[in-house]
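The values are calculated or read from the model by the stated rules, or taken from the named source; none is laboratory data. Since the structure is predicted, the reported quantities are computational estimates derived from the model, not experimental observations. Cβ placement follows ideal geometry from the backbone for every residue including glycine, while neighbour counts extend to all protein chains displayed.
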Amino acid sequence: MFRLLLVLTVGACLGFAAARVGSGQEVTGTRRVPQFDNEHLKVWKTYIHPNQPLAMHRHDNGRAIVAIRGGTLHVVTEAGDEKAMTWESGSAYWLDADPPGELHGDVNRGPDPIEVIVLELQN
């Protein structure tokens, strides 16, 4: 429980700092930007632009998501199953590890980019 609280606290701080400090340049295109990585935690920022899906991938460990710019993300599995997740700007969410062997892609079907900080446990 302490680890989860620590992850969410760090994520909230990173999200607040990212929202306050922005570079002033608009990011174009869906992409992942590494932020931090060690044996305990991996952190990256993801920009998901409308109709520019992320490649199929998986998460072997649980993770916290901090929405910098929220929206509705559609998670589509290899089998074609789909789940919509709506994230509010400034809020944090917990996502469990993916089921074994299951890959998914993320699609933003909304009109505006979604920007999140992901904090994934490493063990």
Restricting region 99-123 to residues that are among the charged types (D, E, K, R) and buried (at least 18 other Cβ atoms within 10 Å of the Cβ), the residue that is farthest from H74 (Cα to Cα)
E120
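Per-residue answers, yes or no, for (1) at pLDDT 95 or above; (2) of a type in the set (A, V, I, L, M):
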position	(1), (2)
A12	no, yes
A17	no, yes
G24	no, no
V27	no, yes
D112	yes, no
L119	yes, yes
Kindly indicate whether any position in region 66-76 is out of contact with any His (no Cβ under 7 Å at 6 or more places or on another chain), free of Cβ contacts under 8 Å to residues at least 40 places away in the same chain and exposed (fewer than 12 other Cβ atoms within 10 Å of the Cβ).
no
